[in-house]
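**Student:** I am attaching a structure below and will ask some questions about it afterwards.
FYI, it's all coordinate maths here, none of it is from the lab. The model shown is predicted, which means the values in this text are computed figures rather than measured ones. When we count neighbours, we look across all protein chains shown, and the Cβ atoms used for this are built from the backbone with ideal geometry, even at glycine.
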Ligand SMILES: [Zn+2]
């Protein structure tokens, strides 16, 4: 069996390694040029790669070896597990799979064609967010908020059919529902994830209630309403996933006219993470036709790592550059001696955690001083203010993520229940905002992720938890300090610790084993609470 598995892996690597590289390069080129030919090439290579994992004979071989239980070598067993999961998710009846893809595409098109209608005038999502942030007129806010929710009835029934089709896929593969399948195939036990979310709910509830009351006081005054009249449209965001701007600090002024690329390089060099070659291979500034967002891509799993950004001199892009080069360092320092299948981060949320850990520095007062962006005399004031903003953002997001996780779980467990009521029950419970009286609309369907990035949202919150756990461990154990708000500038021990304990192992261990080896305990919500809950 061991010999057969080794032969399988050798053949797999010889096909998938070059194909992955070609496909990554094609995607990189397409997202920079934006031209149709490049996109077509990228799409073709993605399909070719997917076909490898859909192969039924190959899966049968893996299944037979796995079920025999005869593989004892740990690294080999780990490769078998990773390969098995990657193939399993693609062992579905092609007709069913294609009907899911086409229904999802149809729904996506409905979202992208939808424009909010305000008194016969069509406005974009950006304009919706602008009005929600700047208007203080309750009836205008209500109208725009309701206008945005009007996408719900357009897509809700389609989403329910899509959910049922996804559940059929899950059932064909032997799972209870698609939510359970998605989590289990990425090595997450739904019971453990729910336990973490419960733990975090308990830890954040009172502190969030306190902040929520500050928010309500601020908004009631601002919008000239009584506190008990505050409705979902008063919270300056379509979903209340980001907090209203209740504090007056402006961090952009510190980054005005600054060279964000040079600051990123200076910072990472100071902690012993060399990003020079990756910077040279990256594409960091705006171009016509280029993807307007930001991402990091590992081209060959052998050190060719690149970042795409569209840098402007402001706090947002400083945070984004630190975030993306967090991902980049993780990829770069994965041990190249590991088998190809294991030359990836332990999980998508573990690389997200590293990116978030560094991204948070852009609002860190120590960072502003060490990077010579703010005067030391300013630091105390900035520290208190910017930390308040970060805490408000974190707690608001964490309560919103609770709604998303619990809603999706219930949706796949029973798509025939009253989803409209369930959504508002969760929003009231976790975000503490009011269900508008007599409103019975599919407001949940206005969140595109439910349709297009199913059962993934919880990973953002797990990333935040782990970022705080790393932060605690590094301060307390590596630096023997009780200061948990450091920026770590100049501390080469920090880079060294991350390289050795987090980056180098790649996917050699399952994510919780890696975390336990690196921080002496499994993933916990405790340090997130320690950092952001008083
Ligand atoms: Zn990221």
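**Student:** Using 1/(1 + (r/R0)^6) with R0 = 35 angstrom and r between the beta carbons of residue 55 and residue 2, what's the FRET efficiency to the nearest 0.05?
**Tutor:** According to the calculation, E is roughly 0.95.
**Student:** Rank the residues 131, 478, 101 as a footprinting-exposure proxy: fewest other Cβ atoms within 10 Å of their Cβ go first.
**Tutor:** 101, 478, 131
**Student:** Quick one: grab the alpha carbon gyration tensor of segment 166-322, order the square roots of its eigenvalues as a ≥ b ≥ c, and give me rounded if a/c is under 1.5, else prolate or oblate depending on whether a/b is larger than b/c.
**Tutor:** Oblate shape, in that a/c is at least 1.5 and b/c is the bigger or equal ratio.
**Student:** May I pose another question? At 222 nm, what value in deg cm²/dmol follows for the chain if DSSP H runs of at least 4 each add -39500 (n - 2.57) and the sum is divided by all its residues, to the nearest 500?
**Tutor:** That comes out to -20000 deg cm²/dmol.
**Student:** Highest mean first, what order results for 173-179, 248-254 on Cβ atoms within 10 Å?
**Tutor:** Listed from highest to lowest mean packing, they are 173-179, 248-254.
**Student:** Quick one: go through segment 79-115 and flag any residue whose amide nitrogen is under 16 Å from the point 7 Å out along the Cα-to-Cβ line of residue 295.
**Tutor:** none
**Student:** Along the principal axes of its C-alpha atoms, what lengths does segment 97-182 span, in descending order and rounded to whole Å?
**Tutor:** Taking max minus min along each principal axis of the Cα atoms, segment 97-182 gives 52, 22, 18 Å.
**Student:** Using a Förster distance of 35 angstrom, determine the FRET efficiency expected from the C-beta separation of residue 202 and residue 136, and round it to 0.05.
**Tutor:** Given R0 = 35 Å and the Cβ-Cβ separation, E is 0.50.
**Student:** A further question on this structure: What whole-number value in cubic angstrom gives the convex hull volume per residue for the C-alpha atoms of segment 406-534?
**Tutor:** Taking only Cα atoms, segment 406-534 has a hull volume of 153 Å³ per residue.
**Student:** According to a simple spin-label model (label point 7 Å from Cα along Cα-to-Cβ), what is the distance in nm between residue 161 and residue 479?
**Tutor:** That separation, rounded to one decimal, is 5.5 nm.
**Student:** Using the per-residue mean of other Cβ atoms lying within 10 Å as a proxy for protection, in what order, highest first, do the peptides 102-110, 514-522 fall?
**Tutor:** Ranking, from highest mean packing down: 514-522, 102-110.
**Student:** Ok, one more. What distance in nm separates the simple spin-label points at residue 416 and residue 221, each placed 7 Å from Cα in the Cβ direction?
**Tutor:** If labels sit at residue 416 and residue 221, their model points lie 5.2 nm apart.
**Student:** Pull out the extension gain between residue 105 and residue 388, defined as 0.36 nm times the separation in residues minus the alpha carbon to alpha carbon distance; nm, one decimal.
**Tutor:** Separation in residues times 0.36 nm, less the Cα-Cα distance, equals 97.8 nm.
**Student:** Still on this structure: In units of 2.2 N^0.38 Å, what is the alpha-carbon radius of gyration of segment 69-113?
**Tutor:** Working it through for segment 69-113, the quotient is 1.87.
**Student:** Could you work out how far apart the two model spin labels at residue 112 and residue 13 are, taking each label as a point 7 Å from the Cα in the direction of the beta carbon, and quote it in nm?
**Tutor:** 3.9 nm
**Student:** Still on this structure, please answer the following. Quick check of the Kirkwood formula: for segment 238-293, what is the inverse mean of 1/r over all pairs of different Cα atoms, in Å?
**Tutor:** Evaluated on segment 238-293, it is 14.8 Å.
**Student:** Once you have a ≥ b ≥ c as the square roots of the Cα gyration tensor eigenvalues for segment 273-325, tell me rounded if a/c is under 1.5, and otherwise prolate or oblate according to whether a/b is larger than b/c.
**Tutor:** Judged from the Cα gyration tensor, segment 273-325 comes out oblate (a/c at least 1.5, b/c at or above a/b).
**Student:** Test of understanding: what is the full-extension gain from residue 124 to residue 249, defined as 0.36 nm times their sequence separation minus their Cα-Cα distance?
**Tutor:** 42.2 nm
**Student:** According to the square roots a ≥ b ≥ c of the eigenvalues of the Cα gyration tensor, what is the shape class of the chain, taking rounded for a/c under 1.5, prolate for a/b larger than b/c otherwise, and oblate for the remainder?
**Tutor:** Oblate, because a/c is 1.5 or more while a/b does not exceed b/c.
**Student:** Same structure again: In segment 307-386, what is the volume of the convex hull around the alpha carbon atoms, normalised per residue and reported in Å³?
**Tutor:** Dividing the Cα hull volume of segment 307-386 by its residue count gives 105 Å³.
**Student:** If you average the sequence gap of Cα pairs under 8 Å that are 6 or more apart and divide by the length of segment 277-379, what percent do you get for the contact order?
**Tutor:** Rounded, it is 23 percent for segment 277-379.
**Student:** Please list, by residue number, everything in segment 281-307 whose backbone N is under 12 Å from a paramagnetic label point 7 Å out along Cα→Cβ of residue 336.
**Tutor:** What the label zone holds, given the 12 Å backbone N cut-off, is 300-305.
**Student:** Quick one: if the Förster radius is 60 Å, what FRET efficiency do residue 381 and residue 94 give, using the C-beta to C-beta distance and rounding to 0.05?
**Tutor:** 0.45
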